[in-house]
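Notes follow the structure.
The values are calculated or read from the model by the stated rules, or taken from the named source; none is laboratory data. No experiment lies behind these values; they were computed from the predicted model shown. All Cβ positions, even for glycine, are placed from backbone atoms using ideal geometry, and neighbour counts span all protein chains on display.
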Amino acid sequence: MSPNPSLDIAPSDVDGDRLVAPSQPGSQRAVKKLPAQFTPYSLLIPATVVLAAVVGWPLVQLVIMSFQEFGRAQVFGAPSPFIGFDNYVEVLTDQAFWLVMFRSFAFAAVCVSSTMVMGTLIALLMSALGKVMRLILSIGLLLAWAMPALTATIVWGWMFDTGYGVVNFVLTRWFGLDYAGHSWLIEPLSFFFVAALIVIWGAIPFVAFTVYAGLTQVPDEVLEASQLDGAGPVQCFRLIIFPYLRSIFLVVLILQIIWDLRVFTQIFALQGIGGIKEQTSTLGVYIYQNSLGTGEYGTGGAIAVITVIVITAISFYYVRQSVKEEEL
């Protein structure tokens, strides 16, 4: 018996080197814990609710509208009867839609490929520069990235202006070419050349910063070992850097395809400066023209739904190919 009864400890209250307080019936309540496998999903619930409210419900409304006869009268309260697939049939049998679709894919292909190549090259340049020059380059990229699309389009439109544009002045005075009074926006080909410059100029910073962030995670030892083995810059990028950054390139590629397929501001603003709408509209502008422009919201909704399906299919294909490559 211990001299002090308050210090008596039962053998069951000793767990190795730790003292365990004696349990008292009814002193503790059973706490139910959520299974560990459900914890990540529970953390996604708030973001899922916000996305469902902000994106999901408008998308559902868009799909419903695409099956209805929905014009200006329906906006002001007139009944909107369901007409089945009539809007889709009208869109898919319209030759203008397929011309716009082809034009949009061609424009997106040029913009995406150019942006990916130039952004990657700038990222490699940033990794090779010193701190001061890398900082200056980063500031320039940030300024280009921060400029609103409409502002950038107006500035570029001034540069390519017919009478007072700096581009015509430089080509005429410095290079001796006959570009005095040349209109860049009248011809569809030169129109999309200017539009591609604006889109690529604004998208390069995102690709450059993202790829550069990935380059900082490539082990230096692996790069040094490849250089000692005689690998050149192209082989080093193809065999070492690209496999390490494959997932980053995939995400950036998908985002660029989505953004460039539905580009709106640059095309719409250039059309206002001097482009011909019938010859230069892409999917984003075409949806606007067939909904807000003419008041045929049902037809515009059908075009928008088709665009969403096409973009989703492209994204799904690239993601599935990436998953297959990782499983091999």
Inset, instruction - For P188, indicate whether it is within 26 Å of G275 (Cα to Cα), surrounded by fewer than 16 Cβ atoms within 10 Å (Cβ to Cβ) and touching a residue at least 60 places away in the same chain (Cβ under 8 Å). - result: yes
Legend entry - Within segment 210-220, considering residues that are modelled with pLDDT of 85 or more and outside any loop (DSSP other than H, G, I, E, B), the one nearest to the chain's Cα centre (by Cα): T210
Inset, instruction - Report yes if some residue within segment 119-126 is without any contact (Cβ under 8 Å) to a residue 24 or more places away in the chain, under 26 Å from the mean Cα position of the chain (by Cα) and loosely packed, with under 13 Cβ neighbours inside 10 Å; otherwise report no. - result: no
Inset, instruction - Exactly one condition in (1) exposed (fewer than 15 other Cβ atoms within 10 Å of the Cβ); (2) touching a helix residue (DSSP H, G or I) at 6+ places or on another chain (Cβ under 9 Å); (3) assigned to a helix (DSSP H, G or I) is not met by F206; state its number. - result: (1)
Inset, instruction - Please work out which residue is nearest to W259 (Cα to Cα), limiting yourself to segment 97-116 and to residues that are in contact with a helix residue (DSSP H, G or I) (Cβ under 9 Å, 6 or more places away or on another chain) and surrounded by fewer than 13 Cβ atoms within 10 Å (Cβ to Cβ). - result: A106
Inset, instruction - Test each condition in (1) touching a Gly at 6+ places or on another chain (Cβ under 8 Å); (2) at positive phi for G230 and report the one that comes out false. - result: (1)
Legend entry - Evaluation of G140 against (1) out of contact with any Phe, Trp or Tyr (no Cβ under 6 Å at 6 or more places or on another chain); (2) of a type in the set (G, A, S); (3) at pLDDT 90 or above; (4) closer than 30 Å to L99 by Cβ (one fails), failing number: (4)
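So which helices (runs of 4 or more DSSP H) stay within segment 71-167 end to end and still have 3 or more residues that are in contact with a His (Cβ under 6 Å, 6 or more places away or on another chain) and within 24 Å of I254 (Cβ to Cβ)? Explain how you work it out, then say what you get.
Numbers: elements: 72-75, 86-92, 95-128, 131-146, 149-159.
Where helices (runs of 4 or more DSSP H) fall fully within segment 71-167, none carries at least 3 residues being in contact with a His (Cβ under 6 Å, 6 or more places away or on another chain) and within 24 Å of I254 (Cβ to Cβ).
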Legend entry - First in segment 157-183 and more than 24 Å from V199 (Cα to Cα) and modelled with pLDDT of 90 or more, second anywhere and acidic (D, E) and loosely packed, with under 11 Cβ neighbours inside 10 Å, Cβ under 8 Å, 6 or more apart: T172/D178
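Inside segment 269-286, can you point out the residues that are β-branched (V, I, T), modelled with pLDDT of 90 or more and assigned to a helix (DSSP H, G or I)?
Within segment 269-286, T280, V285 qualify.
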Inset, instruction - Report yes if some residue within segment 287-302 is modelled with pLDDT under 90, outside any helix (DSSP H, G or I) and either touching a strand residue (DSSP E or B) at 6+ places or on another chain (Cβ under 7 Å) or among the small types (G, A, S) (or both); otherwise report no. - result: yes
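Give L253, L223, L239 a once-over and let me know the one that is part of a helix (DSSP H, G or I), within 14 Å of the chain's Cα centre (by Cα) and touching a residue at least 12 places away in the same chain (Cβ under 8 Å). So that I can check it myself, show each step before the final result.
Values: L223 fails: within 14 Å of the chain's Cα centre (by Cα); L239 fails: within 14 Å of the chain's Cα centre (by Cα).
Just a single option satisfies the conditions, and that option is L253.
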Legend entry - Some residue of segment 183-202 being hydroxyl-bearing (S, T, Y), over 26 Å from the mean Cα position of the chain (by Cα) and outside any helix (DSSP H, G or I): yes
Inset, instruction - Please tell me if I186 is at negative phi and modelled with pLDDT under 95. - result: yes
